[in-house]
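Reading through the structure tokens given below for one structure.
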Amino acid sequence: MAAETEVEDGRLVNVKITGDFFMHPEEAIEELEDMLIGLHVDASAIEDAVEEFFRGHSIELIGASPRDFIHVLKMSLEVSSS
């Protein structure tokens, strides 16, 4: 799994998450990416938002967990800020 993020003025302006996992309903990945747009780039804010997203939706994940999404987003933001 990988995430590509773009940040402007300390906020996410673009998020794309890809990888070898299945999410049902399939459009949930786009909903997650859209929900992250505008979020302040902060590790705890990212973690809280992703956890809240999965708590608030009935989503089936195969090959990944919400923690995996948090991990790749944090890694992407570390790379984009260096």
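Coordinate-derived values only; no laboratory data. All values reported here derive from a predicted model rather than from experimental measurement.
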Calculated from backbone phi, Karplus (6.51, -1.76, 1.60) coupling profile of region 60-66 in Hz, x at Gly/Pro | 9, 10, 10, x, 7, 9, x
Between Ile62, Ile70, Ile29, find the one with the highest GNM mean-square fluctuation for the chain; connect C-alpha pairs within less than 10 Å.
-> Ile62
Mean separation of Cα contacts under 8 Å (6+ apart) over length of the chain, as relative contact order % | 37
Residue-wise HN-Hα coupling along region 43-59, computed from phi with Karplus coefficients 6.51, -1.76, 1.60 (Hz; x: Gly, Pro) | 4, 6, 5, 4, 4, 4, 5, 5, 4, 5, 4, 6, 5, x, 10, 8, 10
Report Rg/Rh for region 1-74, rounded to two decimals, where Rg is the Cα radius of gyration and Rh the Kirkwood radius.
-> 0.93
